[in-house]
Each structure stands twice: as structure tokens, then as C-alpha cells.
Number of protein chains: 2
Amino acid sequence: MDGSVRVRLDLAYDGTDFSGWAKQAHGERTVQGVLEQALAVAVGRADGPAPRLVVAGRTDTGVHAAGQVAHVDLTPEQLAALTRRHDGQGEVDAVARRLTGLLNVDGDVVVHRSSIAPPGFDARFSATHRRYRYRIADRLTARDPVDRRRTMSYPRTLDDELMRAAVAAVTGLHDFAAYCKPRPGGTTIRDLRSLTWARDPSGVLVAEVLADAFCHNMVRALVGASIAVGTGRIAPERMAALLEEPIRSNEFPVAPAYGLTLVEVGYPSDDALADQARRTRALRALP
Amino acid sequence: MDGSVRVRLDLAYDGTDFSGWAKQAHGERTVQGVLEQALAVAVGRADGPAPRLVVAGRTDTGVHAAGQVAHVDLTPEQLAALTRRHDGQGEVDAVARRLTGLLNVDGDVVVHRSSIAPPGFDARFSATHRRYRYRIADRLTARDPVDRRRTMSYPRTLDDELMRAAVAAVTGLHDFAAYCKPRPGGTTIRDLRSLTWARDPSGVLVAEVLADAFCHNMVRALVGASIAVGTGRIAPERMAALLEEPIRSNEFPVAPAYGLTLVEVGYPSDDALADQARRTRALRALP
């Protein structure tokens, strides 16, 4: 849009009561839906098209976010309405407070920060990495009832040494078809930069997973395979061997959504944003 | 009870959907109520009176626990039924798993550990200290939606330096009448061993409060006064000055329950348990 202002939003949500991020046709409650509705209320009758959000990580039903990033393009009139200033020069950081106030009835979405996006910024295409966390309480003493919405309860103790050995062999640039729910026309080649399993002080088994991007269900499939290794149902070497498979594996179930949280989206320095977006738009392919 | 076995239970709960710990006359859902019901189901028709719990910290409606301790006296027949062993020599640590299984429909109570209590142990009277935590998100960026059930949302940033100065002057053995909801016949003299305010890595303002015991509403009153200091509504010195007041102060509101968690109950070494219980039963009095 000519003359429009791109605003970056940093946000967090409890995914329990959402049908994921993406707005849906049938009126399900989604994060995008409630945020765009709050934006529509806040801009009111200001001149411009209905605000639409572009997000870094389209989380599935039940998945949480601690460090989600989105952007929205607004006309100067809309931004002025959002910041309640009439000269179009409102303080953009007031947008976070305004939106969070409008969303606060349920308290399960918070906009942490709002800022004018630097030139070339695109929440989705400029991102250089996404980091997810998966939490498993596999011991009675590690179960914290207040944390149960983001921590998978597993009835047996898992062998985390075997899990560490298995995941060490799957990092790197690979075709993750065995770990992806396919999407038409989409590649399943990803650069899995890091995947670690460790116990936190209370004994919760935590995976930290970092990649340039993830194909659909990839983290939950990698976690599901790790659990199958941790119970002894599949051998540790099997996780790397599956990278040779051209289609999704049925040797392990995908781990449930509620243990998963998007914790961070990474971007390059401001002068590299536009280049990064161009590179991402080109289809990923093995070198 | 002659021949009975005292079992110690270590447990945690999300207080959101409970009307506190203590069983009530009118059928409200309480932690004691659901636990005693699970115990009754588990012991079935085994010979002995209905199991009754004695707890270290009777938490109020909405207050959480990460490290609550209770005890229950069982006949050997009841213990055998609970552990599903018929020789009366069942492994008592199976009780935690059994009870948690029975409670697991809602998942808001977990029994972490069960053990035969050492001689002289009384969950309430043998305890030498209780530690509580209070969490306040007073900045937008500190608000984590998944943690909102145990973190009070405060709309303004609080001056934590003033709060630290104020609470440093209220520790020690005092009559906390200004900070207590009075109970007939109860003393309000307590030994407040430690009260600190600090920010965690995400910016949440956290109080850690340790005392031999707390009178009713005492932590929430100390937190409420701290907040009044943090907003500038009362002077830091006022918190210590209030210790001279013989009745509950109305200069600040008591902080809401949902930010409060009982995190730990402390006991002396096994050989000192009985002595400690005797000392506690004697009325506390200023030396």
C-alpha cells in the first residue's frame, strides 16, 4: 500500500482455547481472528482496508507462543486511530497496550511490543530462524499442575540419554519428508540447526529446536520419534535413517500439541532484511 | 490410632478451580475434599475409619501449591488396599501414583511423593517453616499468557527498589496484627525470617517469603502493602511502622489470591520432629 506504515507486533498466547493461529472459514476462535477483530475495533472508521496480519510461525491448534512475531500494514489514519493521536504521529508502542487491553477479557493473548518495522521487514519472509520448545513431565515429581497446559504428561520415565544420541544425528540440512505432513507444492527440505533434550531443575524433559523454518508438524514429529526412542520402541539410529524416507513415517505418533511453544523468531540486521526475504521466497532446495 | 501407619504426602495443585484447601460444609470443591474422596475410593472397604488429612498450610481459595505436605493415618488394611498388596507390606511410594491416577480427570492436583512418616512426624505441627512465592507482571513484556493463572497482572510498573527497602524492615519476630485477618484465640505473632522482591529473567516481580508460620492472609497483606509502596501510595517506612498497630490495617488492599503459591514446607531432622511438634503446639508468644 502506498503511504502505508508497517507495524511489527511481538506477542504471546496460551494456545489451549484457540484453533491455532490462522483465521478459519467456520468461525473457530483463532489467534489471528481475535487480533484482527481487535485491530478492526481499534482503527474504527479510519480510512483504509481492514487490517490483515502476516505471521512468522503459523501455529497449530493448541500450540502456544511466547515469542511470536507478526506485521500489519496500516494507513496513517488507522495508525492515528490506534494510538488515539490525530496528527498521525502517535507513539507506536502504545499499540501493544491498546490491543492487549482490547484482548484482555480472556487474557490468553498479550501483545508485548509494537514498533514501526524497519524497511524491508516481513514477519514471515525476513525471518532467519524459529525456535520451539517442547516440555514433557515423564516423572510424577516433575508434574506441576499450574504448568500442565504447556507440559505433556507422560506416564513412563523416558531414557533421555538415548534421546540425545538419536537427535544429534538428525541436525543439518536434510529433506525432512519422514517428519512432515506434506503440503501441495511445498518443499520439505529444512536446515535443522539445533535439537537438544535436557532436564530442567524440576526434572521436566525439555527439547529446544531451532531451524530456518519448519514444515507442517515437524517439531511434533521429531518429538514423537524422540519419545519412541526414549521408551525403547525404536532404536536411536532409526531417527537419522528415516531421513532417507520420501514420505511421512508411521513408526511413531506425532506428539500432542499442548507441550509445544514457539519461543523465538530470529531476524537479520536491518540492512539484510530485504535480501533475506528475497532468499526465502525462492524455493528451498538442497545445494 | 493404635497400629495405624502415618503416611506423608507431598503434593502440588493449581488452586484456580478450588475453594481452597479445607473441606467445607456446602459441597464446594476443595483440595482436601477431592483428596479424601480419592483416598476413600482407593481404600474401599478395608477395615478402618475414613481417611482424614492433616496439612502443613491451609491455603485459601485460588492459592496454588508446588510443595504442600499433608499426612494421613491408615490402618494396615487400608494401606494394603491403597498399594494393592494383601500382605500389608505394599510399597508406600505407589500411593502417590495411585492417588494421582484417581485425581487425574482434571489434572489440577498431583501427589508427587508418598512415604511412611518418621516417628513424631506431624505435617502441621512438626513444620519449622513455610515458604511462599508471589508473582506480579507489572510490565506488558513480562506477561506470559500460559502463566497467567499464577501471576498477578498489574497495570503499572512498580518501583521495586522502594519495595525492597520497605520489606527489609519488617523481617524478624513481630506481632503482625496489622497484616492479619484475626482468628478468635489465635496469636498474630510470627517469625518472618525472609521477605525479598526480585525480578526474574522475563521481568516478573517475584516475592519469596519465609516464616515459621503465617497468620491468615499475612502473605497477601505483606504483598498488598509492598504494592502500595511500589506505586508511591504509602511511604516505605510505613510498612515497619504498621507493626506497632494492634489491628488490621486498611491503608492498602490485600493482594489477590491467584498470584500466590506455597512452594515449600520445612521440617527438622527426624530426631527433632516430636520436640518441634510440642513446641509449636504451645502458643507462640514474644520472648
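Laboratory data are not the source of any read-out in this text; all were calculated from the coordinates shown. Predicted, not measured: the structure shown is a model, and the values here were computed from it. Ideal geometry is used to build each Cβ from the backbone, glycine not excepted, and the neighbour counts take in all protein chains shown.
Things worth noting here:
- Highest average packing first - B:131-142, B:200-211, Cβ atoms within 10 Å: B:131-142, B:200-211
- Tensor-based shape of the protein assembly as shown (alpha-carbon gyration tensor, a/c under 1.5 rounded, otherwise prolate or oblate): oblate
- Cβ-vector label at 7 Å, B:Asp270, separations to other copies in nm: 6.6
- Using alpha carbons only: equivalent-ellipsoid semi-axes of chain A, gyration tensor based, whole Å: 37, 22, 15
- Fully extended contour minus Cα-Cα distance, from A:Arg279 to A:Thr61, at 0.36 nm per residue: 75.6 nm
- Residue-count net charge about A:Asn217 - beta-carbon cut-off 11 Å; Lys, Arg +1, Asp, Glu -1: +3
- Summary for B:Leu173: label point 7 Å along Cα→Cβ; distances to the equivalent points in the other copies, ascending, 7.1 nm.
- Here r is the Cβ-Cβ distance between B:Ala40 and A:Ser4 and R0 is 60 Å; the resulting FRET efficiency, rounded to 0.05, is 0.40.
- For the residues of A:197-204, the average number of beta carbons from a partner chain within 10 Å of their own beta carbon is 0.
- Prolate/oblate/rounded label for segment B:109-191 (Cα gyration tensor, a/c 1.5): oblate
- Ranked by how many other beta carbons lie within 10 Å on average, peptides A:21-30, B:17-26 from highest: B:17-26, A:21-30
- Copy-to-copy label separations for B:Pro246, where each label sits 7 Å from Cα toward Cβ, in nm and ascending: 9.0
- Antiparallel bridges, percent of DSSP beta bridges restricted to chain B (to nearest 5): 90 percent
- Two-site label geometry, A:Asn250 and B:Ala25: point separation in nm, points 7 Å out along Cα→Cβ: 6.2 nm
- At 1.306 mPa s and 10 °C, Stokes diffusion of segment B:10-123 via Kirkwood alpha-carbon radius, µm² per second: 111 µm²/s
- Counts of other chain beta carbons within 10 angstrom of each beta carbon in peptide B:142-153 average 6.
- FRET efficiency estimate (nearest 0.05) - Cβ-Cβ, B:Leu243 to B:Asp93, R0 41 angstrom: 0.40
- Sorted peptide list for A:212-221, A:166-175, A:232-241, criterion being average Cβ within 10 angstrom, highest first: A:212-221, A:166-175, A:232-241
- The lysines within cross-link reach of A:Lys23, meaning a Cα-to-Cα straight distance under 23 Å and a gap of 8 or more places when in the same chain, are A:Lys181.
- Rounded if a/c under 1.5, otherwise prolate or oblate - segment A:62-216, Cα gyration tensor axes: oblate
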